[in-house]
Structure formats: C-alpha cells, structure tokens
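K.L.:
One structure coming up, written as structure tokens, with questions to follow.
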Amino acid sequence: MKKFAVVGNPIAHSRSPEIHVAFARQTHIDLSYDRILAPLDGFASTIKDFFAQGGDGLNITVPFKEEAFALCNVLTERAKAARAVNTLWMQDGQLHGDNTDGAGLVNAMTALTWPLNPSRILILGAGGATRGVVLPLANAGATEIVIANRTFARAESLVEDLSAFIKNTKLHVTALDQLAGHFDLVINATSASLSGEGIALPEILTFNYAYEMAYGKPSSFIDQAKQRAVPTADGLGMLIGQAAEAFFVWNGVNPDLTNFSL
Ligand code: NDP
C-alpha cells in the first residue's frame, strides 16, 4: 500500500485525505492518506521521519510551504518560480518538490467560468499560497496582478522573486491598509479566516469576483463580497484541483474531475 499524508499546523481542518481517498477509489490505487500536525519548529524532522518510515509522498500546507521549498534537492520549474512547495516525494534518495496550487486555482476558475484573460487581479496575502498562484494566473492571461500583504516587505520580496519568471503581466505591491481601485478579481490568500480574523475591504475597492482560498470556515471576506452582490467561491475547488495535480505527480494517473464532489 502506498503511503501519503498532508503536513501543516493547524491540520485538523484539512479535507485532503477525503479527496485522495476518493481519487484512489476511482483509479483503483491502494493507498493511505493521513493528516500530520508538525510542530512550528519541527517541520524538517517531521518530513524526514515520514520518508524514513517508507512514506511515498506529502502535501504541505500552512505555514510550511516555503520551508519545504528550502529543503528540496530537486524542484519543478513552477516550484522554482514560486519558491514554495506543496507536493513532496523521494526519488533516488533525493527530496523532490512541486507546486500544484496555481494549476488547482486556474482549473477552479475555469470550472467557475470566471474570466482570467484579460484580467486585473488583487491578491491579499503573500505567503506560500500566493507564491504558488502568481505565475499560473499570469500564464492564464492576467494583465496586472497586485499583491497586498500585512507585512509589506514579504510582498516586496515575493514580487522580486517572481518578476524574473513573468513576462507580459504587470506585477506590483500595495499596502493592505491602502486598498483602492477596481479589479476583475480579488483573491483572499491570507490565512486570516483560519484564525477567525478578517480584513476590512474599503468601499473605494471594487471588484467583480471574489475567491477565498480557505474553505470550511466562516469568512468575513466572503461575507463582505456577498454584501456587494459579487459572485464568490471558497477554496474547495482549488483544493480539489491541486490534489488532482499532486495525485498525477505521485501516481501517474489523472483522476476524472467531471462531476467530482465530496
Ligand atoms: P502562509 O502562512 O504562508 O501565509 C499566510 C498569509 O496570511 C501571510 O501573507 C500573512 O501575512 C497573512 N495573514 C495571516 N493572518 C493575517 C491577518 N490576521 N491579517 C492579515 N493578513 C494575515 O499561508 P499560505 O499562503 O500557505 O495559505 C494562505 C491561505 O490559503 C490559508 O487560508 C490556506 O488554507 C489557503 N490555501 C488554500 C489552498 C486550497 O487549495 N484551497 C491551497 C493553499 C492555501 P504576514 O506575511 O503579514 O504574516
């Protein structure tokens, strides 16, 4: 039996096990998929132990994606651009890393028929998830992507890292307390809703669509978008999309997402 897991902190909310078990049933692959809570100062030893005990692959979630990137010996191109990794596996004694978040988000947007090409996108947050989605959104046709983060310097360094990979999309930073202007799409890629906190969206910020990357939690971001009668979605579609990509990376089989639901 192949052995997989998702590592994060917190982790109890993760629906990745359900999704991978459903994919395994559909594709007749014998596997287990667990949740692992890693201590905030013990991520590296957690993943080392997992692979030492014969584990086949890990998904990585909040807040470890950048740390996972730093531990990899071999990276895919999209992981190199993101400098954040959500999918790990061991091959020939080398730790390999990929980032499937962006493909998952773009697939979810496509399924929702939300337009990306052309589009002006505001992303709230500059953590591992944002790092994973900027290049795929640019490749999907975004003309401008603006990043706003509580810690301004973190957004600046993200833009610096990703600029080298982005050709035809304007990429820049704004302060989280100076949100303004009109966007086709606003994405909440902060983990604020995981801790029950919220980000106030000012009236001078307007947008056509609102995507909350978190799922299964009340979200003041979604509430505020609904008050403006804007179409909203939570991160479940992205989660399923990134899981399907990771499943393919590990097992070489694409799950069928037509009519897939949990
Ligand atoms: P990280 O821990 O790497 O980054 C967290 C981000 O949230 C940082 O930008 C941080 O700002 C910001 N933040 C946290 N709390 C607050 C707050 N109270 N107010 C404002 N900003 C805040 O997490 P990830 O990037 O990996 O994940 C972000 C979110 O996306 C999570 O909710 C996660 O569950 C979700 N996600 C969903 C996926 C899916 O498939 N649906 C895939 C990946 C992520 P600062 O830099 O200032 O600390």
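The values are calculated or read from the model by the stated rules, or taken from the named source; none is laboratory data. Computed from a predicted model, the values in this text were never measured in an experiment. When we count neighbours, we look across all protein chains shown, and the Cβ atoms used for this are built from the backbone with ideal geometry, even at glycine. Ligands, DNA and RNA are excluded from the accessible area calculation, which covers all protein heavy atoms including side chains. Shrake-Rupley method; radii C 1.70, N 1.55, O 1.52, S 1.80 Å.
K.L.:
Mind checking the angle between helix 236-251 and the chain's longest principal axis? C-alpha axes, 0 to 90 degrees, to the nearest 10.
P.N.:
30 degrees
K.L.:
While we're looking at this one, here's another question. Kirkwood hydrodynamic radius for the chain: how many Å is it when counted over pairs of different Cα atoms?
P.N.:
Computed over Cα pairs of the chain, the Kirkwood hydrodynamic radius comes out at 18.6 Å.
K.L.:
Could you name the lysines in cross-link range of Lys217, using Cα to Cα under 18 Å and dropping any fewer than eight places away on the same chain?
P.N.:
Excluding near neighbours in sequence, the set is Lys226.
K.L.:
Kindly sort Phe248, Phe64 by accessible area of their heavy atoms, largest first, with the probe set to 1.4 Å.
P.N.:
Output order, biggest surface exposure first: Phe248, Phe64.
K.L.:
Over the heavy atoms of Lys3, what accessible area does a 1.4 Å probe trace out, to the nearest 10 Å²?
P.N.:
Surface accessible to solvent at Lys3 totals approximately 60 Å².
K.L.:
Antiparallel as a % of all DSSP beta bridges within the chain, to the nearest 5?
P.N.:
15 percent
K.L.:
Oh, and also: Please compute the Cα-Cα pair-distance distribution of segment 115-230 with 10 Å bins starting at 0, giving whole percents from short to long.
P.N.:
Per 10 Å bin, starting at zero, the Cα-Cα P(r) for segment 115-230 comes out as 14, 50, 33, 4 percent.
K.L.:
Then there is this: Give the long-range amide H neighbours of Thr100: residues separated by 5 or more places, or on another chain, with amide H under 5 Å away, using H modelled in the peptide plane at 1.01 Å from N.
P.N.:
Placed amide hydrogens put Asn86, Thr87 under 5 Å from Thr100.
K.L.:
Taking the Cα centre of the chain as the origin and placing charges on Cβ (Lys, Arg +1; Asp, Glu -1), which of Phe165, Gly54, Gln224 is farthest toward the positive end of the dipole?
P.N.:
The one lying farthest along the dipole's positive direction is Gln224.
K.L.:
Solvent-accessible area per residue for segment 115-230 at a 1.4 Å probe radius, Å²?
P.N.:
Value for segment 115-230: 45 Å² per residue.
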